[in-house]
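Before any comments, here is the structure.
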Amino acid sequence: MSKLEELIQELCPDGVECKNLTDVANILYGYPCNAQLFNTENIGIPLIRIRDVLNGNTETYTTEEVPKTFIIREGDFLVGMDGNFNSGNWKGEMGVLCQRVCKIYSKDENNTILDKYLSHLLGPIFKKIESSKQSGTVKHLLAKDINNIKIPVPPLQVQEEIVRILDNFTELTAELTAELTA
């Protein structure tokens, strides 16, 4: 029996409770940035747009004064809300969260859910929502879609073990990809 199976058997023998995402996590929707203040000359603060979510960095900057609430830091979990609903943890320096990108993070009021658990869990959920959307040219992730998400919320020890397993898997996958590329 694996460590994860042991933890589940010990800590949640009657199953895992599912909760609305918005009960355990905050959703920060991006700032409506002024495109006239964008530049690629590294002037101002980096600007995080939909196209930047997957690669985790940006080449676009803004000189706009933006409320501190919309400043993103390395490791924050972001989701593109148009097109392919890409998600990932921000790899770049701090930047401004621009509209049609959202940040999702633990409310952490009751120490209920880990940010890393959320990031591993939510990526596939957003891809499932994307595949269910019927759209003409561009699919749109709506606030109501996010508000309707229900997620399993196991005890923190179980979340930590899930994160450990998935982080190891991600690292091994990256190493294998690098070897295959070489």
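The values are calculated or read from the model by the stated rules, or taken from the named source; none is laboratory data. From a predicted model like this one, the values you see are computed outputs, not experimental measurements. With ideal geometry, Cβ positions are generated from the backbone for all residues, glycine too; neighbour counts draw on all protein chains shown. With ligands, DNA and RNA removed, areas are computed over all heavy atoms of the protein, side chains included. Shrake-Rupley method; radii C 1.70, N 1.55, O 1.52, S 1.80 Å.
Miscellaneous remarks
- Environment charge of Gln157, counting only residues whose C-beta is closer than 12 Å and scoring Lys/Arg +1, Asp/Glu -1: -2
- The residues packed around Glu6, meaning those with a beta-carbon under 15 Å from its beta-carbon, carry a net charge of -2 if Lys and Arg are +1 and Asp and Glu are -1.
- Most simply put, the stretch 1-146 has about 85% antiparallel DSSP beta bridges, counting only bridges with both residues inside it.
- Amide H to amide H, with H built 1.01 Å from N, Val66 comes under 5 Å of no residue 5 or more places away or on another chain.
- Accessible area per residue for the chain is 59 Å², calculated with a 1.4 Å probe on protein heavy atoms, without ligands, DNA or RNA.
- Which of Leu28, Leu176, Leu21 is most accessible, then next, and so on - probe 1.4 Å: Leu176, Leu28, Leu21
- Where trypsin sites (Lys or Arg not before Pro) fall in DSSP loop in the stretch 120-171, at most 15 other Cβ within 10 Å: Lys133
- Whole-Å distance, taken between Cα centres, linking the stretch 73-88 and the stretch 16-64: 8 Å
- Net charge of neighbours whose Cβ lies under 13 Å from the Cβ of His140, counting Lys and Arg as +1 and Asp and Glu as -1: +1
- A simple rule links phi to the HN-Hα coupling: the Karplus curve 6.51 cos²θ - 1.76 cosθ + 1.60 with θ = phi - 60°, which for the stretch 46-60 gives x, 10, 9, 10, 3, 5, 9, 4, 5, 7, x, 8, 9, 10, 9 Hz, with x for Gly and Pro.
- Reachable lysines from Lys128, criterion Cα separation under 16 angstrom, eight or more residues apart if same chain: Lys139, Lys144, Lys150
- Estimated from helical segments only, the mean residue ellipticity of the chain at 222 nm is -10500 deg cm²/dmol, where each DSSP H run of four or more residues counts as -39500 (n - 2.57).
- Amide H partners (placed H, <5 Å) of Arg100, local residues excluded: Gly30
- Computed with a 1.4 Å probe over protein heavy atoms only, the accessible area of Asp108 comes to about 90 Å².
- Annotation: amide H of Lys19 within the under-5 Å range of Ile151, Val153, sequence separation 5 or more or interchain, hydrogens built in the peptide plane.
- 3J(HN,Hα) from dihedral phi, the stretch 91-108, Karplus parametrisation 6.51/-1.76/1.60, rounded to Hz, x for glycine, proline: 9, x, 6, 4, x, 8, 6, 8, 3, 6, 10, 10, 10, 10, 8, 4, 5, 6
- The chain - convex hull of the alpha-carbon atoms, volume per residue in Å³: 153 Å³
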